[in-house]
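Worksheet for the structure shown next.
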(Lines give C-alpha, C1' and ligand atoms only; values in the text may rest on other atoms or scores of the structure.)
Protein backbone atom coordinates (compact mmCIF):
# COMPACT_ATOMS: atom_id res chain seq x y z
CA UNK A 1 0.00 0.00 0.00
CA UNK A 2 1.38 3.38 -1.03
CA UNK A 3 1.36 5.30 2.25
CA UNK A 4 1.72 8.61 0.40
CA UNK A 5 -1.62 8.22 -1.40
CA UNK A 6 -3.90 7.62 1.59
CA UNK A 7 -6.35 10.30 2.66
CA UNK A 8 -6.00 10.62 6.43
CA UNK A 9 -9.18 11.14 8.45
CA UNK A 10 -10.06 14.80 8.95
CA UNK A 11 -13.01 14.25 11.30
CA UNK A 12 -11.62 11.57 13.65
CA UNK A 13 -11.32 12.95 17.17
CA UNK A 14 -13.81 15.72 16.34
CA UNK A 15 -16.95 14.26 14.76
CA UNK A 16 -16.32 10.71 15.96
CA UNK A 17 -13.74 8.95 18.20
CA UNK A 18 -10.21 8.52 16.85
CA UNK A 19 -9.72 5.34 18.90
CA UNK A 20 -10.91 2.16 17.16
CA UNK A 21 -12.39 0.48 20.22
CA UNK A 22 -14.11 3.65 21.40
CA UNK A 23 -15.54 4.19 17.92
CA UNK A 24 -16.78 0.61 17.70
CA UNK A 25 -18.42 0.83 21.10
CA UNK A 26 -20.10 4.13 20.22
CA UNK A 27 -21.55 2.85 16.94
CA UNK A 28 -22.61 -0.36 18.68
CA UNK A 29 -24.54 1.72 21.21
CA UNK A 30 -26.48 3.33 18.34
CA UNK A 31 -27.25 0.03 16.59
CA UNK A 32 -30.83 -1.27 16.82
CA UNK A 33 -31.10 -4.48 18.84
CA UNK A 34 -33.23 -6.07 16.12
CA UNK A 35 -33.36 -5.18 12.45
CA UNK A 36 -34.39 -6.73 9.14
CA UNK A 37 -31.81 -6.43 6.38
CA UNK A 38 -33.07 -5.28 3.00
CA UNK A 39 -31.00 -6.11 -0.13
CA UNK A 40 -33.31 -3.90 -2.21
CA UNK A 41 -31.87 -0.69 -0.73
CA UNK A 42 -30.32 1.31 -3.57
CA UNK A 43 -29.62 4.58 -1.74
CA UNK A 44 -29.44 6.06 1.74
CA UNK A 45 -29.87 9.67 2.81
CA UNK A 46 -27.84 10.13 5.99
CA UNK A 47 -26.84 13.08 8.23
CA UNK A 48 -23.23 14.12 8.78
CA UNK A 49 -22.98 15.87 12.14
CA UNK A 50 -20.97 14.76 15.15
CA UNK A 51 -21.91 11.22 16.08
CA UNK A 52 -23.29 12.17 19.50
CA UNK A 53 -25.86 14.30 17.68
CA UNK A 54 -26.75 12.48 14.45
CA UNK A 55 -25.15 9.06 14.93
CA UNK A 56 -28.28 7.28 16.22
CA UNK A 57 -30.32 8.56 13.27
CA UNK A 58 -27.68 7.47 10.73
CA UNK A 59 -27.20 4.07 12.37
CA UNK A 60 -30.88 3.15 12.02
CA UNK A 61 -30.55 3.34 8.22
CA UNK A 62 -27.15 1.66 7.96
CA UNK A 63 -28.40 -1.22 10.12
CA UNK A 64 -30.89 -2.10 7.36
CA UNK A 65 -28.16 -2.88 4.82
CA UNK A 66 -27.58 -6.48 3.81
CA UNK A 67 -24.08 -6.99 5.32
CA UNK A 68 -22.53 -9.03 2.48
CA UNK A 69 -24.25 -7.49 -0.51
CA UNK A 70 -22.57 -4.29 -1.72
CA UNK A 71 -19.22 -4.09 -3.52
CA UNK A 72 -18.97 -0.35 -4.25
CA UNK A 73 -20.37 2.72 -2.56
CA UNK A 74 -20.88 6.02 -4.39
CA UNK A 75 -20.72 8.83 -1.83
CA UNK A 76 -22.23 12.20 -2.70
CA UNK A 77 -22.41 15.19 -0.38
CA UNK A 78 -21.82 18.91 0.03
CA UNK A 79 -18.49 20.68 0.32
CA UNK A 80 -18.36 22.93 3.38
CA UNK A 81 -15.12 24.61 2.28
CA UNK A 82 -15.24 25.03 -1.51
CA UNK A 83 -17.80 25.84 -4.17
CA UNK A 84 -18.13 22.77 -6.39
CA UNK A 85 -19.75 23.14 -9.79
CA UNK A 86 -20.81 19.65 -10.81
CA UNK A 87 -18.84 16.87 -9.13
CA UNK A 88 -15.40 16.87 -7.52
CA UNK A 89 -13.78 13.44 -7.38
CA UNK A 90 -10.70 12.40 -5.44
CA UNK A 91 -7.45 10.81 -6.65
CA UNK A 92 -6.30 9.19 -3.38
CA UNK A 93 -5.99 5.41 -3.57
CA UNK A 94 -7.37 4.86 -0.05
CA UNK A 95 -9.36 6.66 2.63
CA UNK A 96 -8.39 5.83 6.20
CA UNK A 97 -10.50 5.70 9.38
CA UNK A 98 -9.81 4.15 12.80
CA UNK A 99 -11.35 0.93 11.38
CA UNK A 100 -8.74 0.74 8.60
CA UNK A 101 -8.36 1.81 4.98
CA UNK A 102 -10.87 1.53 2.15
CA UNK A 103 -9.79 1.49 -1.49
CA UNK A 104 -11.21 4.02 -3.94
CA UNK A 105 -12.84 2.90 -7.17
CA UNK A 106 -12.09 5.75 -9.54
CA UNK A 107 -15.00 6.16 -11.90
CA UNK A 108 -14.25 7.71 -15.30
CA UNK A 109 -14.83 11.47 -15.05
CA UNK A 110 -16.11 13.58 -17.92
CA UNK A 111 -15.27 17.31 -17.70
CA UNK A 112 -16.59 19.95 -17.39
CA UNK A 113 -19.19 18.61 -14.94
CA UNK A 114 -16.72 16.26 -13.24
CA UNK A 115 -13.15 16.91 -12.18
CA UNK A 116 -10.62 15.62 -9.68
CA UNK A 117 -9.53 17.79 -6.77
CA UNK A 118 -8.07 16.08 -3.71
CA UNK A 119 -7.66 19.39 -1.89
CA UNK A 120 -11.45 19.71 -1.76
CA UNK A 121 -11.73 16.35 0.00
CA UNK A 122 -8.90 16.65 2.53
CA UNK A 123 -10.71 18.86 5.13
CA UNK A 124 -14.25 17.69 4.37
CA UNK A 125 -16.29 15.66 6.87
CA UNK A 126 -19.61 15.15 5.05
CA UNK A 127 -18.51 11.97 3.26
CA UNK A 128 -15.89 10.76 5.72
CA UNK A 129 -18.34 10.40 8.61
CA UNK A 130 -20.37 7.90 6.54
CA UNK A 131 -17.41 5.57 6.19
CA UNK A 132 -17.19 4.11 9.74
CA UNK A 133 -20.89 3.23 9.56
CA UNK A 134 -20.26 1.38 6.29
CA UNK A 135 -17.21 -0.37 7.72
CA UNK A 136 -19.18 -1.41 10.79
CA UNK A 137 -22.26 -2.66 8.91
CA UNK A 138 -20.79 -4.34 5.80
CA UNK A 139 -19.12 -7.69 6.38
CA UNK A 140 -17.09 -7.84 3.18
CA UNK A 141 -14.53 -5.63 1.49
CA UNK A 142 -15.94 -2.79 -0.55
CA UNK A 143 -14.66 0.18 -2.53
CA UNK A 144 -15.84 3.78 -2.45
CA UNK A 145 -16.27 6.46 -5.12
CA UNK A 146 -16.52 9.81 -3.28
CA UNK A 147 -17.81 13.00 -4.90
CA UNK A 148 -18.50 16.48 -3.54
CA UNK A 149 -21.08 18.81 -5.05
CA UNK A 150 -22.60 22.12 -4.01
CA UNK A 151 -23.50 24.45 -6.90
CA UNK A 152 -26.70 23.59 -8.83
CA UNK A 153 -25.50 22.86 -12.34
CA UNK A 154 -25.22 19.89 -14.72
CA UNK A 155 -28.12 17.96 -13.17
CA UNK A 156 -28.75 15.89 -16.30
CA UNK A 157 -25.06 15.11 -16.82
CA UNK A 158 -24.50 14.14 -13.19
CA UNK A 159 -27.50 11.83 -12.97
CA UNK A 160 -26.55 10.18 -16.28
CA UNK A 161 -23.00 9.69 -14.99
CA UNK A 162 -24.16 8.08 -11.75
CA UNK A 163 -26.74 5.95 -13.54
CA UNK A 164 -24.04 4.59 -15.84
CA UNK A 165 -22.07 3.48 -12.80
CA UNK A 166 -24.92 1.93 -10.82
CA UNK A 167 -25.32 -1.82 -10.78
CA UNK A 168 -26.95 -4.40 -8.54
CA UNK A 169 -24.10 -4.30 -5.99
CA UNK A 170 -23.58 -0.51 -5.92
CA UNK A 171 -25.04 1.61 -3.13
CA UNK A 172 -25.52 5.38 -3.29
CA UNK A 173 -25.04 7.41 -0.09
CA UNK A 174 -26.31 11.00 0.01
CA UNK A 175 -24.98 13.07 2.91
CA UNK A 176 -27.05 15.96 4.24
CA UNK A 177 -28.24 17.56 7.45
CA UNK A 178 -31.53 19.48 7.48
CA UNK A 179 -32.38 22.89 8.98
CA UNK A 180 -29.81 24.75 11.07
CA UNK A 181 -30.09 26.82 14.26
CA UNK A 182 -33.83 27.40 14.59
CA UNK A 183 -35.82 26.85 17.79
CA UNK A 184 -37.00 23.25 18.07
CA UNK A 185 -40.63 23.81 17.08
CA UNK A 186 -39.76 25.84 13.98
CA UNK A 187 -36.99 23.43 13.00
CA UNK A 188 -39.37 20.46 13.19
CA UNK A 189 -41.88 22.29 10.99
CA UNK A 190 -39.26 23.17 8.37
CA UNK A 191 -37.79 19.66 8.46
CA UNK A 192 -41.21 18.07 8.11
CA UNK A 193 -41.67 20.06 4.89
CA UNK A 194 -38.26 18.90 3.61
CA UNK A 195 -38.94 15.27 4.48
CA UNK A 196 -42.36 15.30 2.78
CA UNK A 197 -40.80 16.92 -0.29
CA UNK A 198 -38.24 14.12 -0.55
CA UNK A 199 -40.81 11.40 0.12
CA UNK A 200 -42.91 12.86 -2.69
CA UNK A 201 -39.83 13.01 -4.97
CA UNK A 202 -40.75 16.62 -5.69
CA UNK A 203 -37.76 17.81 -7.67
CA UNK A 204 -39.28 21.21 -8.43
CA UNK A 205 -39.43 22.14 -4.75
CA UNK A 206 -35.91 20.85 -4.05
CA UNK A 207 -34.55 23.02 -6.85
CA UNK A 208 -36.17 26.17 -5.48
CA UNK A 209 -33.86 28.79 -4.07
CA UNK A 210 -34.44 29.90 -0.48
CA UNK A 211 -34.93 33.37 -2.02
CA UNK A 212 -38.04 32.11 -3.82
CA UNK A 213 -41.46 33.50 -2.90
CA UNK A 214 -42.59 29.88 -2.46
CA UNK A 215 -41.50 27.47 0.31
CA UNK A 216 -38.07 25.89 -0.22
CA UNK A 217 -36.35 23.08 1.61
CA UNK A 218 -33.54 23.76 4.06
CA UNK A 219 -30.74 21.22 3.82
CA UNK A 220 -27.01 21.74 3.41
CA UNK A 221 -26.94 18.90 0.87
CA UNK A 222 -29.84 20.28 -1.17
CA UNK A 223 -28.10 19.82 -4.52
CA UNK A 224 -27.10 16.23 -3.69
CA UNK A 225 -30.70 15.59 -2.65
CA UNK A 226 -31.90 16.94 -6.01
CA UNK A 227 -29.59 14.46 -7.77
CA UNK A 228 -30.93 11.64 -5.57
CA UNK A 229 -34.54 12.52 -6.35
CA UNK A 230 -33.89 12.61 -10.09
CA UNK A 231 -32.19 9.21 -9.87
CA UNK A 232 -35.07 7.85 -7.79
CA UNK A 233 -37.63 9.02 -10.32
CA UNK A 234 -35.68 7.59 -13.26
CA UNK A 235 -35.09 4.22 -11.55
CA UNK A 236 -38.47 3.91 -9.77
CA UNK A 237 -36.91 3.86 -6.31
CA UNK A 238 -39.36 4.24 -3.42
CA UNK A 239 -38.27 6.45 -0.49
CA UNK A 240 -38.95 5.56 3.13
CA UNK A 241 -38.26 7.66 6.21
CA UNK A 242 -36.23 5.69 8.76
CA UNK A 243 -35.68 8.24 11.53
CA UNK A 244 -35.83 11.95 12.33
CA UNK A 245 -34.45 13.87 15.28
CA UNK A 246 -32.72 17.14 16.17
CA UNK A 247 -29.56 18.01 18.04
CA UNK A 248 -31.69 18.90 21.09
CA UNK A 249 -32.07 15.22 21.88
CA UNK A 250 -28.34 15.08 22.71
CA UNK A 251 -27.59 18.65 23.74
CA UNK A 252 -30.73 19.57 25.66
CA UNK A 253 -30.69 22.95 23.90
CA UNK A 254 -34.09 23.53 22.27
CA UNK A 255 -33.40 27.15 21.31
CA UNK A 256 -31.01 26.48 18.42
CA UNK A 257 -31.08 23.04 16.85
CA UNK A 258 -29.98 21.16 13.74
CA UNK A 259 -32.30 18.64 12.11
CA UNK A 260 -31.29 15.12 11.05
CA UNK A 261 -33.13 12.56 8.96
CA UNK A 262 -32.19 9.17 7.57
CA UNK A 263 -34.05 7.66 4.64
CA UNK A 264 -33.73 4.61 2.43
CA UNK A 265 -34.63 4.23 -1.24
CA UNK A 266 -35.62 0.75 -2.43
CA UNK A 267 -36.22 -0.62 -5.90
Number of the exception - residue 234 against (1) buried (at least 16 other Cβ atoms within 10 Å of the Cβ); (2) touching a residue at least 40 places away in the same chain (Cβ under 8 Å); (3) not in a loop (DSSP other than H, G, I, E, B)
(1)
In the stretch 172-200, which residues are under 18 Å from residue 263 (Cα atoms), touching a strand residue (DSSP E or B) at 6+ places or on another chain (Cβ under 7 Å) and not in a helix (DSSP H, G or I)?
172, 173, 174, 175, 176, 177, 178, 179
For residue 218, work out the one condition from (1) closer than 21 Å to residue 78 by Cβ; (2) surrounded by fewer than 21 Cβ atoms within 10 Å (Cβ to Cβ); (3) free of Cβ contacts under 8 Å to residues at least 24 places away in the same chain it doesn't fulfil.
(3)
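Any residue at all in the stretch 53-66 that's exposed (fewer than 15 other Cβ atoms within 10 Å of the Cβ) and farther than 12 Å from residue 173 by Cα?
No, because not a single residue in the stretch 53-66 is exposed (fewer than 15 other Cβ atoms within 10 Å of the Cβ) and farther than 12 Å from residue 173 by Cα.
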Only one of these is in contact with a helix residue (DSSP H, G or I) (Cβ under 9 Å, 6 or more places away or on another chain), touching a residue at least 40 places away in the same chain (Cβ under 8 Å) and more than 24 Å from residue 236 (Cα to Cα): 149, 97. Name it.
97
Are there any pairs with C-beta distances below 7 angstrom linking a residue in the stretch 3-16 that is closer than 14 Å to residue 48 by Cα to a residue that is in a strand (DSSP E or B) and at pLDDT 95 or above, with the two at least 6 apart or on different chains, and if so which?
12/97
Please state which one of 157, 168 is more than 16 Å from residue 77 (Cα to Cα) and either in contact with a strand residue (DSSP E or B) (Cβ under 6 Å, 6 or more places away or on another chain) or touching a residue at least 24 places away in the same chain (Cβ under 8 Å) (or both).
157
Taking residue 34 and the conditions (1) at pLDDT below 95; (2) buried (at least 16 other Cβ atoms within 10 Å of the Cβ), which numbered condition does it fall short on, given that it satisfies the others?
(2)
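The values are calculated or read from the model by the stated rules, or taken from the named source; none is laboratory data. Just so it is clear, the structure is predicted and the values come from calculations on it, not from any experiment. We place every Cβ from the backbone using ideal geometry, glycine too, and count neighbours over all the protein chains shown.
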